[in-house]
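Novice: Submitted below is the structure of interest, expressed as structure tokens.
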Amino acid sequence: MTSRAEIISRLLDPGVIPVIRADNPEDVMPACEALLAGGLNALEITMTTPNALALIREAGKRFGAKAVIGVGTVMTPEVCLAAIEAGATFVVTPILVPEIARVAQGADRVCILGAFTPTEAQVAHEAGADFVKIFPAENTAYVAAMLAPMPHLKIIPTSGVNLKTGPEYFAMGCPLVGVGSSLVSSKILREKNWAELTRLAGEFVAMARKAPRK
């Protein structure tokens, strides 16, 4: 079984987590293939996607050798455990639920706890989260202001991250970014434009590799 340290190492290179939130579960595997073809090596399948646990299990079987498979929009410790049992190697929440970190730690899986305020971010850090997801991170200035007095936080900005703001987040010290609709858009999923998704994934990989790092 891949260790937590190995999962973190793979997440950090190139440092982009695509968020797959689909209405049609049949679109998830082709989306995963397209993202991997573009050079990404992490896949976050959200629990809001129908049949998410089965999809995580399938993604692990099909792509686990070349990608880390994660689960997003986890709201309870019970769902966290179910997703880990289905094969999720990293767990992402949109809100602060410290108990989820304990479940993930017990299974040697990576935990990314959601937060918005500086206090929530610190609580997530103290709860043992490997990374703190600032959501929604619509403003680069807000994240920079948080990191100034709290540089120990390993922040993953999510929502509002795109090819323009991505380099700014990396430059201020964020080790990773979470990318949703600016990459895996509802339009791409609706049109099943997997070639475009692969092209965009490649652009995000190039952005992350060229971005200045603090």
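The values are calculated or read from the model by the stated rules, or taken from the named source; none is laboratory data. Since this is a predicted model, take the numbers as computed values, not measurements. Positions of Cβ are backbone-derived with ideal geometry, glycine not excepted, and every protein chain shown enters the neighbour counts.
Novice: Every residue in the range 45-56 that is assigned to a helix (DSSP H, G or I) and surrounded by fewer than 18 Cβ atoms within 10 Å (Cβ to Cβ), please. It would help to see each step written out before you state the result.
Specialist: We begin by selecting, within the range 45-56, every residue assigned to a helix (DSSP H, G or I); these are 52-56.
Scanning the range 45-56 gives a single hit, 54.
Novice: Being farther than 16 Å from residue 206 by Cα, among the aliphatic types (A, V, I, L, M) and part of a loop (DSSP other than H, G, I, E, B): is that true of residue 31 here?
Specialist: no
Novice: Another one. Give me the residue from the range 119-137 that is modelled with pLDDT of 95 or more, aliphatic (A, V, I, L, M) and in a loop (DSSP other than H, G, I, E, B) and, out of that set, surrounded by the most Cβ atoms within 10 Å (Cβ to Cβ).
Specialist: Ranking the candidates gives 129 first.
Novice: Would you please list the contacts, defined by Cβ atoms under 7 Å and residues six or more apart or on different chains, that run from a residue in the range 156-172 that is under 14 Å from residue 204 (Cβ atoms) to a residue that is surrounded by fewer than 19 Cβ atoms within 10 Å (Cβ to Cβ) and of a type in the set (A, V, I, L, M, F, W, C)?
Specialist: Cβ pairs passing all conditions: 166/211; 167/211; 170/211.
Novice: Among the listed residues 44, 26, 33, identify the single one that is acidic (Asp, Glu) and touching a helix residue (DSSP H, G or I) at 6+ places or on another chain (Cβ under 9 Å).
Specialist: Just a single option satisfies the conditions, and that option is 33.
Novice: Hey, does the range 1-23 have a residue that's farther than 25 Å from residue 135 by Cα, buried (at least 19 other Cβ atoms within 10 Å of the Cβ) and modelled with pLDDT of 95 or more?
Specialist: There is no residue in the range 1-23 that is farther than 25 Å from residue 135 by Cα, buried (at least 19 other Cβ atoms within 10 Å of the Cβ) and modelled with pLDDT of 95 or more.
Novice: Tell me, which helices (runs of 4 or more DSSP H) lie completely within the range 165-214 with 3 or more residues that are surrounded by fewer than 17 Cβ atoms within 10 Å (Cβ to Cβ)?
Specialist: By residue number, 186-191, 194-210.
Novice: Here is a follow-up. Give me a count of the residues in the range 103-136 that are of a type in the set (D, E, K, R) and touching a strand residue (DSSP E or B) at 6+ places or on another chain (Cβ under 9 Å).
Specialist: Residues that pass the stated criteria total 4.
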